[in-house]
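Presented below is the structure to which this report refers.
Any read-out appearing in this document is the output of simple, stated calculations on the displayed coordinates, not a laboratory observation. Given the structure is predicted, the values throughout are model-derived calculations rather than measurements.
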């Protein structure tokens, strides 16, 4: 499976400064055929600028039919909440 999280495209934008900055988080997610593996690309649009684009892979544990090749989706969610 290779790297579980990797940068796909870098953003070379300057930081925005101001009182109000709006952003939109974008996600494209796909399943890998009939397996439990999934792949998503995530990035955010802040104003008229796009952040770096990241690829994330996940899988399920063997007990639920996965290959245990990457974390399942819930640990990613929990890590995001902890950050």
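Brief remarks follow.
- Helix 73-82 axis, angle to the chain major axis (alpha carbon atoms, nearest 10°): 40 degrees
- Applying the Kirkwood pairwise sum to the alpha-carbon positions of the chain produces a hydrodynamic radius of 14.5 angstrom.
- Among 48, 59, 68, residue whose mean-square fluctuation peaks in a GNM of the chain (springs only between Cα atoms under 10 Å): 48
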